[in-house]
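Visitor: The structure that follows is given in the form of C-alpha cells.
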Amino acid sequence: MPITQSAIKAHRQSLKKNAENTIVKKRLKASVKEFVGYLTTDIAKAQELIPTVYKAIDKTAKRGILKKNSAARKKSRLMTKLNQALAK
C-alpha cells in the first residue's frame, strides 16, 4: 500500500484511469463483435459499420489505450474479413 500522500493520490488516479480504459475497451470489443456478426448475416450493414469501428479503434489508439500498431493490425484484419465476405 502507498505510504506517502503523493503515492496515495497516484494510486487513486491509476484506479480511475483503469476503470475508464476498461469501459472504452469493452465498448470497442462490442462494436467489433457486432461488425463481425453482421459479416455472416448482412454484409451491407457490415459495410455501413466499418467507419464507426475504425473510428472507435482510432480513438482508443489516440488515447493510448491501444498501441498504434495494434490498432493498425486490428483495422487490417477487420478489412480482410470484410473483403473475404464480399468475395463469397
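The values are calculated or read from the model by the stated rules, or taken from the named source; none is laboratory data. Everything quoted here is computed from the prediction, not taken from an experiment. Note that each Cβ is placed from the backbone with ideal geometry, even for glycine, and that neighbours are counted across all protein chains shown.
Visitor: Do we have residue 13 as over 17 Å from the mean Cα position of the chain (by Cα) and surrounded by fewer than 12 Cβ atoms within 10 Å (Cβ to Cβ) here?
Guide: Taking the combined requirement at face value, the residue satisfies it.
Visitor: On to the next question. So if I check each of 69, 21, which one is closer than 29 Å to residue 84 by Cα, modelled with pLDDT of 95 or more and polar (S, T, N, Q)?
Guide: The unique qualifying residue is 69.
Visitor: Just the residues that are polar (S, T, N, Q) and closer than 17 Å to residue 59 by Cα, please, taken from the range 1-22.
Guide: Across the range 1-22, the qualifying residues are 18, 21, 22.
Visitor: On to the next question. Write out, first by first residue and then by second, each pair whose Cβ atoms fall under 7 Å of each other, whose residues are 6+ apart or on separate chains, and whose first residue, in the range 42-61, is in contact (Cβ under 8 Å) with a residue 40 or more places away in the chain while the second is assigned to a helix (DSSP H, G or I).
Guide: Here the result reads 43/85; 43/86, each pair linking the range 42-61 to a residue that is assigned to a helix (DSSP H, G or I).
Visitor: Quick one: in the range 67-88, of everything that is within 12 Å of the chain's Cα centre (by Cα) and free of Cβ contacts under 8 Å to residues at least 24 places away in the same chain, which residue is nearest to residue 34 (Cα to Cα)?
Guide: Top of the filtered list is 75.
Visitor: Next question, about the same structure. Quick one: which helices (runs of 4 or more DSSP H) sit completely within the chain and have at least 2 residues that are among the aliphatic types (A, V, I, L, M) and in contact with a Phe, Trp or Tyr (Cβ under 6 Å, 6 or more places away or on another chain)?
Guide: Helices (runs of 4 or more DSSP H) meeting the threshold: 43-62.
Visitor: Taking residue 40 as meeting all but one of (1) of a type outside the set (Asp, Glu); (2) surrounded by 11 or more Cβ atoms within 10 Å (Cβ to Cβ); (3) closer than 29 Å to residue 83 by Cα, write down the number of the exception.
Guide: For residue 40, the exception is condition (2).
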